[in-house]
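Beneath this line is the structure, given in structure tokens, with notes to follow.
The values are calculated or read from the model by the stated rules, or taken from the named source; none is laboratory data. What you are looking at is a predicted structure, and each value in this text was computed from that prediction instead of being measured. Note: ideal-geometry Cβ built from the backbone for every residue, glycine included; neighbour counts use all protein chains shown.
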Amino acid sequence: TKYKVGYIVGSLATHSINRTLSQALIRLAPPDLEFDEIPIKDLPLYSYDYDSDFPVEGRKLKSSIISVDAILFVTPEYNRSIPGALKNAIDWASRPWGDNSFTHKPSAVIGASPGAIGTAIAQQSLRSVLSYCNSPQMNAPEAYIRFRPEVFTEDGQVTNSDTEEFLRRFMEEFRDHIVRVLSVLPPRET
Ligand code: FNR
């Protein structure tokens, strides 16, 4: 069986280190995972005024989430929390009320920063949001990546074998998490 993973990069920056990390994760993932990026950069800022008539960007976001088996969040830390663009995307996907696209959708969280704590605080913040959104998230392993440009090439090669092995394990555990969640929580119809 193949599992479809939608990945969301929390950064809008052209040379995002988190997008680079996402390429490494895709490369190291077990072969039964398939990846598609779920873009967030064209979403307007959410307001519930849109609930009666979602714009195409909002509808596309929700249908992309519905159509995958799991979501992988690869996000930077901005001011000790998640970037506004990522929170905005989650708010869009969680609405209108009663139509939360994250319900029962397995997820995992990872992120990179040049700083020593490697997005740990942003990830804690994201975990709270995903709990509220009823997305069964992988609790462990955690992965706080201190980004060094010499370790990650733009096309997703990892030059440090310990880091490579750690990330490969992370993705294997994510696959196991997806299989476990799907075995008890069948995907929603809509
Ligand atoms: C940062 N950065 C940062 N780093 C960190 O470890 N903790 C933090 O709280 C912050 N805060 C922060 C706020 C804002 C507004 C910016 C622009 C940056 C630095 C950040 O980790 C660095 O810019 C990374 O390159 C961001 O990841 P992307 O966007 O390149 O994927």
ask   = Is it true that Val5 is away from the ligand (no atom under 14 Å from the Cβ), closer than 20 Å to Ser63 by Cβ and buried (at least 19 other Cβ atoms within 10 Å of the Cβ)?
value = yes
Qualifying residue in region 131-138 (condition: closer than 30 Å to Pro187 by Cα, over 15 Å from the mean Cα position of the chain (by Cα) and either within 16 Å of the ligand (Cβ to nearest atom) or surrounded by fewer than 13 Cβ atoms within 10 Å (Cβ to Cβ) (or both)) = yes
key: Subset of region 156-190 [within 19 Å of the chain's Cα centre (by Cα), closer than 18 Å to Leu21 by Cα and in a loop (DSSP other than H, G, I, E, B)]   = Gly156
Residue under evaluation His15, criteria (1) surrounded by fewer than 16 Cβ atoms within 10 Å (Cβ to Cβ); (2) part of a strand (DSSP E or B); (3) not charged (D, E, K, R), criterion not met = (2)
message = If I go through region 35-80 residue by residue, how many of them are in contact with a helix residue (DSSP H, G or I) (Cβ under 7 Å, 6 or more places away or on another chain), surrounded by 13 or more Cβ atoms within 10 Å (Cβ to Cβ) and either outside any strand (DSSP E or B) or among the charged types (D, E, K, R) (or both)?
response = 13
message = Between Ser64, Ser22, Ser16, which is within 16 Å of the ligand (Cβ to nearest atom), closer than 22 Å to Arg127 by Cβ and either of a type in the set (D, E, K, R) or over 11 Å from the mean Cα position of the chain (by Cα) (or both)?
response = Ser16
ask   = Of everything in region 139-155 that's among the acidic types (Asp, Glu) and free of Cβ contacts under 8 Å to residues at least 60 places away in the same chain, which residue is surrounded by the most Cβ atoms within 10 Å (Cβ to Cβ)?
value = Glu142
request  = Taking only region 156-173 into account, find how many residues are touching a Ser or Thr at 6+ places or on another chain (Cβ under 9 Å) and either within 16 Å of the ligand (Cβ to nearest atom) or touching a residue at least 12 places away in the same chain (Cβ under 8 Å) (or both).
outcome  = 1
Lone qualifier among Ser64, Ser47 - being out of contact with any Gly (no Cβ under 8 Å at 6 or more places or on another chain) and either at pLDDT 95 or above or over 17 Å from Val129 (Cα atoms) (or both) = Ser47
